[in-house]
Structures are given as structure tokens and as C-alpha cells.
Amino acid sequence: MTNEQKELVRGTVPVLKEHGVALTTYFYNRMLTQNPELKNVFNSANQHTGAQPTALAMSVLAYAEHIDNPAVLGYAVNKIANKHVSLDIRPEQYAIVGKHLLASISEVLGEAASAELIDAWAAAYNQLAKIMIGVEADLYSGSVAKEGGWSSWRPFVVQRKEHESEEITSFYLYPCDGGKVADFLPGQYITVRLYVPELKVLQPRQYSISCAPNGEYYRISVKRERGTEERPAGFVSNLLHNKIQEGDVIEVAPPAGDFTLDMDKNTPVVFISGGVGLTPFMSMLEYVTQSGKSRPITWIHGCRGYAVHAFKNRVTELSSQHTSMSIHNFYDKLDQETQDNYYEGYVDLEKVKDAIVPNADYYICGPGLFIKKHFDYLRLQGVNPQAIHFEEFGPAILVVE
């Protein structure tokens, strides 16, 4: 890109801040209307709620602001690349996205979209696409090179279906070909893809792997999303709960994701989860326990109550096998006999302040506001932000500093 082109891209930052979501909403509508085959790739629920356009708008804005040095966005690029690989996004699809993005900029901005500005954004997009394609190529190669690894979609059979709570069910997935499954880093996810009759399209969804690596199967633990006024009921989660039975076959993409446990560290680790956000931590906890590591663990979890508390007994069992582990559970309302490690109300780190130690690594998983609340609290306690790791389920729209 020329310096003049970079200046033109930077000049659109105020517009993106004010109208970015409107632009990306228009872009998705345009692209999915003219290329309906891509409806098999994008999460329809995130389109409905606006989460996906918001995530894209924030990404485009960040890229425009750092057009001189996109390398500073390495963390975000790696996270998005992992998501793309989990959805089997391929290089040729970047041309489709680019065509509709540039057309959307031109159509939404109208007379303000000069030929020079569109050319500048074309150069910027091509630069970003090249970066993304390169990172994704490495991820694809690494996935295939693993023992038991593969690329794209592979059929798995549901050998076991187990209720963990009133709303979370685990699915034990074994490859139909009888081969091994690739190892993964505790905290990663897999993508499953099901045909949704109501939408008449395939729909992919990412679910954290909730077991330790074992070479034979993956376990995912899925919350039935019943829907609210703001968000429709989960198409795929309800299909899994209601229709998919033991013996059924589903398509699975290889493990992906960068929210992972550093398996070489021996520092204390604190897991902070809300609701179904405990699923990646089950993988981490099982790994640490089974590996025999003496790493001190603090488990802090919040949910509405006993009936929806998944893996309660399993966490207690793993705690008994570990040399140093404490458990703290928060219920919206205590509905069982009060115990020392149970608290009423939302997760409040002030109530377990002794668990906040300077040299620990902190992992947070839950809704965006849940993450931000605890991230901010830890920073106020002097915790190094580099020691705070978090994962927001769904399109990444959370920014914490």
C-alpha cells in the first residue's frame, strides 16, 4: 500500500466508529443474498442478533486504525484465523467477501466513496486477506500433520449421550472410520455441523472440548439454548438435545482455538466461569489432574442453582485426586444446605479474595459482561493483564484493556 492509500483508509475511521455496524449489516445482507451458499457457513443466530456484524465492524475499525502496522493485531488475527479454520473457510472465499465488502463501502458511503478511496480499501483488504490466508494455511497444515488429524469435515458417531444438568448434555464423539482423533490443547473447541430443516441450510457451531486429550474421542457439553426476546432458540443446540441420539452421525471439523492452558507452567491457576463457560475448564482440569502436576488450582463457578450446575460431582471427584485444589460455587439463590464453599449471588471475587495471588494465571469464561467485571477486578488487585486469559463464546466483540 502507498502512504496516500493508508491515509485514505485512516480517514474512514470516524465513519467506521459511527456507522460501522450499519455498514457491516448491509454487507452481510448483500453477500448472503447474492451468494446464498455462504448461509451454510455463517451462524444465522448471530446474524439475527447483530453480534456478527458488530464483531466484523470492530475488526474492520481496528484494522483501519493500525493500517501502518497490522502486526500489532496478531492476537486478533490468530483468534479469527482459528475460527475460520474451524469453519473450513478457504482462500477462494476471500475474493467473494472482498467483492461484497468493497461494493458495500461504495454503496453505503455514496458520493463520499471516491474511486481513490475504494482503491485504497481494495489494497488494504488484499493485504489483510494475504495475512489471514497465510496464518490459516499454517493452521490447516498443522492439523493434518497430527496423528489422527484431518482437514475439513469428518463423520463422527455419537456413542454416548449423558445429561450433566437440566440444560447441559455431553456428547461423546468417536470417528466413524475407527481411526484416532488428533490431540488438542486443553481449552480448544471443535465445530459440529448439522442440517437445520427450518432454515434449509447447514449450520456450524463451535463447542469447547470438555475432556482431556485421549486420542480416542472428543466430548462436547452443550447447553440447550431455549431462546429469549433478544435471541432465538438455538437451532443446533436444540437439534443435538432433541433429535441427535446415540448411534447418530454428525460432521466435525478439527480442534481449533487459542484459549488454551499453558501446559508447561507450574504457577497457581484460577478458573473463573459462569454457566456453560465451565466447559473448556473441564478439559484443563482433567488434564492437570491426570498429568499428576502439583499446580495449585482454584475453581470458581457461578450458575443459577443446583439443578443447572453441570459437572458438580466430577469437579469434586477431580479435586480429591489433586494435591492442592479449592472449590468456590456461587448460586443466584442457595437451594441446598449451605456449605462452606457455596455463596449466594453472582460470582464475587471479593468473597474469595484469598484466592487472588500475584503469581497465578487466571482463566475467565462466560458472557462478555461477566468477563469484563472480573478482568477489571483482577487488574485493580494488581494482577498483570498478561496473566489474565479469557474466552467469550460467540463472535468476539469484547475489548478489555
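The values are calculated or read from the model by the stated rules, or taken from the named source; none is laboratory data. Because the structure is predicted, anything quoted here is derived from the model rather than measured. Using ideal geometry, Cβ is built from the backbone for each residue, glycine included, and neighbour counts are taken over all protein chains shown.
Brief remarks follow.
- Considering the range 210-224, and only residues there that are in contact with a Leu (Cβ under 9 Å, 6 or more places away or on another chain) and of a type in the set (Lys, Arg), the residue that is farthest from residue 236 (Cα to Cα) turns out to be 219.
- For the range 105-116, the condition of being in contact with a Lys or Arg (Cβ under 9 Å, 6 or more places away or on another chain), crowded, with 19+ Cβ neighbours inside 10 Å, closer than 19 Å to residue 26 by Cα and modelled with pLDDT of 90 or more holds for none of the residues.
- Residue check, residue 178 free of Cβ contacts under 8 Å to residues at least 24 places away in the same chain, part of a loop (DSSP other than H, G, I, E, B) and not assigned by TED's automatic domain parsing to the domain that holds residue 46: yes
- Condition met for residue 252 (within 26 Å of residue 143 (Cα to Cα), of a type in the set (A, V, I, L, M) and in contact with a strand residue (DSSP E or B) (Cβ under 9 Å, 6 or more places away or on another chain)): yes
- None of 186, 175 is surrounded by 15 or more Cβ atoms within 10 Å (Cβ to Cβ), touching a helix residue (DSSP H, G or I) at 6+ places or on another chain (Cβ under 7 Å), within 30 Å of residue 210 (Cα to Cα) and not acidic (Asp, Glu) except 186.
- Qualifying residue in the range 7-15 (condition: under 29 Å from residue 393 (Cα atoms), touching a Lys or Arg at 6+ places or on another chain (Cβ under 9 Å) and in a helix (DSSP H, G or I)): no
- Condition check for residue 88 on (1) buried (at least 16 other Cβ atoms within 10 Å of the Cβ); (2) on the phi < 0 side of the Ramachandran plot: one failure, at (2).
- Test: residue 65 is at pLDDT 90 or above and either acidic (Asp, Glu) or in the same structural domain as residue 205 (by TED's automatic domain parsing) (or both): no
- Residue count for the range 229-285, restricted to those that are closer than 15 Å to residue 207 by Cβ, part of a loop (DSSP other than H, G, I, E, B) and not aromatic (Phe, Trp, Tyr): 3
- When residues of the range 195-213 are limited to those that are part of a loop (DSSP other than H, G, I, E, B) and in contact (Cβ under 8 Å) with a residue 24 or more places away in the chain, the one surrounded by the most Cβ atoms within 10 Å (Cβ to Cβ): 210
- Answer residue from the range 17-28, given it is surrounded by fewer than 21 Cβ atoms within 10 Å (Cβ to Cβ) and among the aliphatic types (A, V, I, L, M) and is modelled with the lowest pLDDT among those: 21
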